[in-house]
Amino acid sequence: MFPTSQNQMLLNKKFKEIKKIGPPQKRGYEFEKLICDLFRF
């Protein structure tokens with residue numbers, strides 16, 4: 001099953017927000033959460 005377009009937009013928005021995070025460690029942690037969300041969908 002593929003993510004719905006609404007879920008895709010939400011994941012894209014989160015990804016764009018993560019790119020703005022300065023400290024690499026915090027950015028990596030948030031990216032891990034994004035990957036978990038992606039696998040859930």
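Here are the numbers for this structure:
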| quantity | calculated |
| --- | --- |
| Selection count where residues are surrounded by 13 or more Cβ atoms within 10 Å (Cβ to Cβ) and either of a type in the set (Phe, Trp, Tyr) or at positive phi (or both), scope the range 2-28 | 1 |
| Search result, residues across the range 9-37 that are among the β-branched types (Val, Ile, Thr) and assigned to a loop (DSSP other than H, G, I, E, B) | 21 |
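Taken together, the values in this text are just the output of simple stated rules run on the coordinates, not laboratory data. Values in this document were obtained by computation on a predicted structure and should not be read as measured data. Counting neighbours? That spans all protein chains shown, and the Cβs are built from the backbone with ideal geometry, glycine included.
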